[in-house]
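Structure, as structure tokens:
Just so you know, all these numbers are worked out from the coordinates, no wet-lab data involved. Not measured: the values here are computed from a predicted model. Cβ atoms come from the backbone with ideal geometry, glycine included; neighbour counts cover every protein chain shown.
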Amino acid sequence: MSSVLYDAPGPRAKRRNIILSVVFFALLALLAWWIYRALDDKGQLEWALWEPFTESEAWTTYLLPGLGNTLKAAGLSMIIALPLGAFFGIARMSDHRWVRIPAGAVVEFFRAIPVLLLMLFANEFYARSTDVSTDDRPLYAVVTGLVLYNASVLAEIVRAGILALPKGQTEAAQAIGLRKGQTMTNVLLPQAVTAMLPAIVSQLVVIVKDTALGGVMIGFTELLNSRGTLAAFYATVIPSFIVVAIMYIILNFILTSFASWLEGRLRRSKRSTGAVLGAEDVEELNAAEIGGAYGSGASA
Amino acid sequence: MFDFLEGYDVLGAFWTTVQLTLLSAVGSLIWGTLLAAMRVSPVPLMRGFGTAYVNIVRNIPLTVIIVFTSIGLADIFRVTLGAADDFEALSFRLSILGFVAYTAAFVCEAIRSGINTVPVGQAEAARAIGLSFTQVLWLIVLPQAFRSVIGPLANVLIALTKNTTVAAAIGVAEAATLMKEMIENEAQTLAIGAVFAFGFVVLTLPTGLFLGWLSKRLAVKR
Amino acid sequence: GSDDDDSDAGSGSTAGGGDTIKIGIKYDQPGLGLKEPNGYSGFDVDVATYVAKELGYDADQIEWVETKSADRESALARGDVKFIAATYSITEERQEKVDFAGPYLLAHQDLLTKTDSDITEATDLNGKRLCSVTGSTSAQNIKDEIAPDAQLREYGTYSECIAGLQSGAVDAVTTDDSILAGYAAQEQYKGQFKLAGLKLSNENYGIGVKKGDTETVNNINTALEKMVSDGAWDTAVKDNFGPADYKNEPAPKIGDIVS
Amino acid sequence: MTKVSVAKEDVAASGDLVVLKSVNKHFGALHVLQDIDLTIARGEVVVVIGPSGSGKSTLCRAINRLETIDSGAIAIDGKPLPAEGKELARLRADVGMVFQSFNLFAHKTVLENVMLGQIKVRKADKKKAEEKARGLLDRVGVANQADKYPAQLSGGQQQRVAIARALAMDPKVMLFDEPTSALDPEMINEVLEVMQQLARDGMTMIVVTHEMGFARSAANRVVFMADGKIVEEAVPDQFFSNPRSDRAKDFLSKILHH
Amino acid sequence: MTKVSVAKEDVAASGDLVVLKSVNKHFGALHVLQDIDLTIARGEVVVVIGPSGSGKSTLCRAINRLETIDSGAIAIDGKPLPAEGKELARLRADVGMVFQSFNLFAHKTVLENVMLGQIKVRKADKKKAEEKARGLLDRVGVANQADKYPAQLSGGQQQRVAIARALAMDPKVMLFDEPTSALDPEMINEVLEVMQQLARDGMTMIVVTHEMGFARSAANRVVFMADGKIVEEAVPDQFFSNPRSDRAKDFLSKILHH
Ligand SMILES: Nc1ncnc2c1ncn2[C@@H]1O[C@H](COP(=O)(O)OP(=O)(O)OP(=O)(O)O)[C@@H](O)[C@H]1O
Ligand SMILES: Nc1ncnc2c1ncn2[C@@H]1O[C@H](COP(=O)(O)OP(=O)(O)OP(=O)(O)O)[C@@H](O)[C@H]1O
Ligand SMILES: [Mg+2]
Ligand SMILES: [Mg+2]
């Protein structure tokens, strides 16, 4: 089997690869040793620092409630952002200028601004102009920031999902006499939704990660913030960071794996045109693509 | 109307944002290219390392990485980047290190997907006329991959610009830090929000449009 | 936040009723206000519990609310909590926005160093690395006025400063001695740190109450006086700061603000 | 193959079914349809041939208004082509279209593909629609594939389903745009046979194709297009044995005998 | 067409040019090449036909080592196929390959496409390479397109450029993998003509194709493959008029006369 970069390897290539493997392994081992030594020197490997994480209280008091809030904020944001995103996505494809252009402007605007600023601003807005209680305010602010940003990204995913379908699907639907609305609901949306699923799941990863901004900047008690309280009680700073990082990795890894499993399944599925928006199409969907998308749909 | 801006160095804060962005961009381009080279290498161990790096780093919140550079890298691993005693410079440099570590994962993926857009047929045709490995790489694959990578890289750059606000978490005096400070001290929340939003729109939108245009222009016609 | 229905926290303060009272504290300050697996500990918590008892609420009627430094005024203004005991120094600026009962503790800005450190004076900080939390004014004061050559390192929380002190990344941590004592007294750090004992400032800890709620202020002041006179105050100090070599000031007189 | 009535009432009636009058169409600077006049009588089978890019597909698509035209007029069964809305949808249902790339609805089974239009456009009830769909699938020889998804079928089978889907609307005329050119050589015949049978049953058909065998045996007329113009029209035998225009001669010489 | 010398020294020499001995190849569980024995003499033109998936492309690609084989041996001009490195590259330069999808270098002009191999592999100087490239482009009839990019050319033109690119290396043998099946019908002949001329000039050729006309007129031998095996070998006339195996009869019945 050959790839874009490599010819099918012969015996010499195979030998060279083995040597490279050994050298690289040695380098990795060296790095691991250095990390181990540094941690050991600073006493970070002492059992006392790690022991708390074997106690159920550390989890039930700090980490799990924090994780719960992380998931709550992420879930809420996704649930609110989805319909909003679908609305703006479809509005952006409208035949009418006065619908298409404002929708496009809103989407572009919120995608250009850092989520962190949106959160800070929302937090201040709720504090000054509403009577949301202090308990709830950080959650509100985090969810608001995430919704504004992610609805715009989802709007682009929805649009891309529909545009990714072969043009022939629309034409065939029109050719048997289906009207615009019927074509959208009977032919395009069902296929686009399937095509978008992996993209939507992997957008959840972005949302989960962004909840941590709320922890550091506006005191939302999500996982990263709960780590602070935990670290104060158990006096275990570095280990708590490592544990929390691993929790994020596992959580997001589950989501990513689910997304790519879904993607693979859909691509192989006998029920799709093969138009699938993968995880990679989303991670940081951005203005550059959109600038291009204004052009004609006819790219050869 | 804009008198609430008095006494605040908004331009200075955005200048820090720009510096963070540019320096991190250069760093992550280098590290990301190396990672991409590993990810597409024929050596399974390197591929494994590249894949693991990308999948781990992409799944950690940037905030965690940035805070960790400060209390972990600097304090435990003594990575002080030549600024052991100048803490202002230290957190600036550490945050760049964090952005590089994080953004490189995305750069790597952009480059890898750029390479994947080159049809295998191009490489096979090149091999079939007797070009060697390096010739195929430098004459055929990379020139084509480079062009299709501009678009995705532009997205990474824009995301990076926005992500630099996370440096506020370790006290780097960039735009988000200043906005937080101003919001605490001044009454015109809406106006402050608008000023900073506008600042980022100015930073990201033209970049996106220009690079989008460039990638269209350079795109390999197939 | 399932308790929005009770937004004017514990206003129905008829003693011993089925009501609850919401009190604002810190969650991450060992020795003062700390969230633990089975409850809350610290001097602020003990004082607040005692006061609540005097106001007619048993310990199990208290709902603790985390009030971070920046949030304290607005939480009171909106009535989210009845009162706040969270290392809340009485200052003129704050008195414009909230009313204070107390003070109930006189703390001072101080330095925490390793036991074997040779820093004994603030001026020793020249050329040394001093840690404080982001946005704190106390560290800035030292750098501006006492030790201009000190290096200021800012972290998100004091826990991280303390960890930095332990690992040698910084040479000293500065903030209120009570807070520092709380850390020094923690099981994990016992015997490793010492307080320099400098009285760089006076911090009069008061209990914050919504502006204009004079009745509650008076009730709390009465409770605080009783706490001192029946020895509960001393016990609380011993329990929370005892393990550190923290020499606390005697209980301040109500309304007696040391500036 | 079971016979299903194919718009019999139309075959009986007389007159022209499709009329194009000086139709013009540009793509930017490209003048793809230049003053096209074309009339197709009821029951007639017209084959359109011509070099790539000559505008054959555009012509087909214009008749169904998948492409708008810049000037001129198109009428189907005496009525001018509506510009939009319900009337356009109704007209499109009367004009069956078969694409080069099949374009079956990927998320629906073969049976559902054939039923969809009947239910949503013709408002047929589900049972009747299914009955008819099964009949049509049987007619095109893929009855046993009814519950599969398009991707599970070979190209030849997919194209036959696409024909059945179009027939399900009881169209007055069928447009075929290179229906066999995306197929593996072994599958071309099975599709051409279905089309031949359709022609014999009296369906009015416009077929863009390069299959000379089909043109010879099934067409009443061959229309030769080049550079957006209709260059020549003739009965097949005459066209193939004795093309008048040089353009056609040249084209035929390229396409035959290899 | 200008004549350019096509590996004349080889035509003169005698003996077998390409020899495959019990070659086996699997893709996972799929046994795509099963004990293939095939010998191609100098100057011979062999057409390989067979149903889709029978392994024709894999066979072609194995001869150029674009696919590795699991067992058996392949020799070109008496030398076994090198496994890698410089020797492999040198051998590949001696074996020209033309793909179904052209695979012209998309970022280089037509002229650069034809010059690249000469300069980088044959180390020819730029001027000579350009001269030769222009000669070859003229020979395949696209001299006037030299400065365009591949995407600006029609399929037929692209394929002719691809042939010129392969010829520029003075190959000993040329492999064609369905060179016309991605082309519009009018363009097929222009490519086949170039190939026919090449055959007449004495080039050794292995051609996978469904173009029976070409097989009849240009091939010395037809090899029929099915399911990874060579089922039948014969001279064209005999194969088309009187195939021996049922597999071949069945295949021919599907593919002819439509
Ligand atoms: N949507 C479009 N935008 C711009 N140009 C187009 C579009 N569709 C077709 N064209 C151009 O119009 C011309 C006629 O196209 P058309 O598809 O009708 O030709 P055709 O005769 O069907 O060719 P083929 O045999 O290749 O299918 C071609 O030059 C084509 O490139
Ligand atoms: N890289 C690959 N990995 C797995 N299977 C493959 C690969 N390449 C080809 N195959 C399979 O091997 C078999 C033979 O393929 P091959 O392309 O040689 O057939 P072919 O005779 O050229 O067919 P066609 O006429 O469709 O080109 C097919 O079943 C194909 O699906
Ligand atoms: Mg066409
Ligand atoms: Mg093949």
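Annotations for the structure displayed:
- Taking a straight Cα-Cα cut-off under 12 Å and skipping sequence neighbours fewer than 8 places away in the same chain, the aspartates and glutamates within cross-link reach of B:LYS216 are A:GLU289.
- Among residues other than B:THR16 with Cβ under 12 Å from its Cβ, the summed charge is -3 (Lys and Arg +1, Asp and Glu -1).
- Evaluated at q = 0.16, 0.18, 0.23 Å⁻¹: base-10 log I(q)/I(0), Debye formula over Cα of segment A:1-65: -0.73, -0.80, -0.99
- Across chain C, Cα pairs under 8 Å and at least six residues apart give a relative contact order of 26 percent.
- With distances taken between every two different alpha-carbon atoms, segment B:1-123 has a Kirkwood hydrodynamic radius of 16.5 Å.
- Shielding by partners, peptide D:180-188 (average Cβ within 10 angstrom, other chains): 4
- Taking every C-alpha pair closer than 8 Å and separated by at least 6 residues, the mean separation divided by the residue count of chain B gives a relative contact order of 28 percent.
- Crossing angle, helix B:10-39 versus chain B [Cα axis fit, 0-90 degrees, rounded to tens]: 20 degrees
- Three semi-axes of the equivalent ellipsoid, chain A, Cα gyration tensor, whole Å, largest first: 40, 32, 16
- Cross-link pairs beyond the 22 Å C-alpha cut-off, checked among D:LYS123/D:LYS148; E:LYS25/E:LYS79; C:LYS194/C:LYS238; C:LYS53/C:LYS238; E:LYS126/E:LYS148; D:LYS25/D:LYS86: D:LYS123/D:LYS148; D:LYS25/D:LYS86
- Crossing angle, helix C:214-229 versus chain C [Cα axis fit, 0-90 degrees, rounded to tens]: 60 degrees
- Sequence-separation-based contact order of chain E, relative, with Cα cut under 8 Å and 6+ spacing, percent: 26 percent
- Karplus-derived HN-Hα couplings along segment A:31-39 (A = 6.51, B = -1.76, C = 1.60, θ = phi - 60°), whole Hz, x at Gly and Pro: 4, 4, 4, 4, 4, 4, 4, 4, 5
- The phi-based Karplus calculation (6.51 cos²θ - 1.76 cosθ + 1.60; θ = phi - 60°) puts the 3J(HN,Hα) values of segment E:232-238 at 7, 10, 6, 6, x, 4, 5 Hz, whole numbers, x for Gly and Pro.
- Mean residue ellipticity (222 nm) of chain B, computed from DSSP H runs ≥ 4 via -39,500 (n - 2.57), nearest 500: -23500 deg cm²/dmol
- Positive contributions from Lys and Arg (+1) and negative ones from Asp and Glu (-1), summed over other residues with Cβ under 14 Å from the Cβ of E:GLN145, come out at +2.
- The angle between the Cα long axis of helix A:64-91 and the main principal axis of chain A comes to about 20°, on a 0 to 90 degree scale.
- Put in line by how crowded their Cβ is, counting other Cβ atoms within 10 Å and starting with the fewest, A:TYR36, C:TYR104 read A:TYR36, C:TYR104.
- Sequence ranges C:28-37, B:162-171, E:114-123, ranked by mean other-Cβ count within 10 angstrom, highest first: B:162-171, C:28-37, E:114-123
- Peptide E:156-165 shows a mean partner chain C-beta count of 1 within 10 Å per residue C-beta.
- Taking max minus min of the alpha-carbon positions on each principal axis, segment B:11-218 gives extents of 70, 42, 27 Å, largest first.
- Peptides A:227-237, D:150-160, A:25-35 ordered by average Cβ neighbours within 10 Å, highest first: A:227-237, D:150-160, A:25-35
- Ranking E:ASN24, E:SER54, E:VAL235 by how far each Cα lies toward the positive end of the dipole of chain E (charges on Cβ) leaves E:ASN24 at the top.
- Inter-centroid distance (Cα atoms) of segment A:26-73 relative to segment C:205-259, Å: 38 Å
- Size of electric dipole in chain B: Cβ of Lys, Arg +1 and of Asp, Glu -1, about Cα centre, debye, nearest 20: 1620 debye
- Cys with no candidate disulfide partner in the protein assembly as shown (beta-carbon separation under 4.7 Å rule): B:CYS108, D:CYS60, E:CYS60
- Remark: E:GLU193, A:GLU51 ranked as A:GLU51, E:GLU193, counting other beta-carbon atoms within 10 Å and listing the fewest first.
- Sorting D:242-250, E:35-43, A:239-247 by average packing, meaning the other beta carbons within 10 Å per residue, from highest down gives A:239-247, E:35-43, D:242-250.
- From its DSSP helices (H runs of at least four residues, each -39,500 (n - 2.57)), chain E gives a residue-normalised ellipticity at 222 nm of -11500 deg cm²/dmol.
- Per-residue [θ]222 nm for chain C (sum of -39500 (n - 2.57) over DSSP H runs n ≥ 4, rounded to 500): -8000 deg cm²/dmol
- Cα gyration tensor, segment C:116-238 - rounded (a/c under 1.5), prolate or oblate: prolate
- Shielding of B:162-173 by partner chains, average beta-carbon count, 10 Å: 5
- Sorted ascending by nearby beta carbons within 10 Å, beginning with the fewest, A:TRP98, B:TRP138, B:TRP31, C:TRP233 become A:TRP98, B:TRP138, B:TRP31, C:TRP233.
- As a ratio to 2.2 N^0.38 Å, the alpha-carbon radius of gyration for segment A:91-192 is 1.46.
- Approximate shape of segment B:100-193 as ellipsoid semi-axes (Cα gyration tensor, √5λ), whole Å, largest first: 46, 12, 7
- Computed Kirkwood radius, in angstrom, where 1/r is averaged over Cα pairs of the protein assembly as shown: 36.4 Å
- Note on segment B:144-222 and segment E:104-123: Cα centroid distance 41 Å, given to the nearest whole angstrom.
- nm² value of the averaged projected area, convex hull over the Cα atoms of chain D: 13.9 nm²
- Distant alpha-carbon pairs in chain C (separation over 31 angstrom), percent: 25 percent
- Under 10 Å, Cβ to Cβ, from C:VAL228 - net charge with Lys/Arg +1 and Asp/Glu -1: -1
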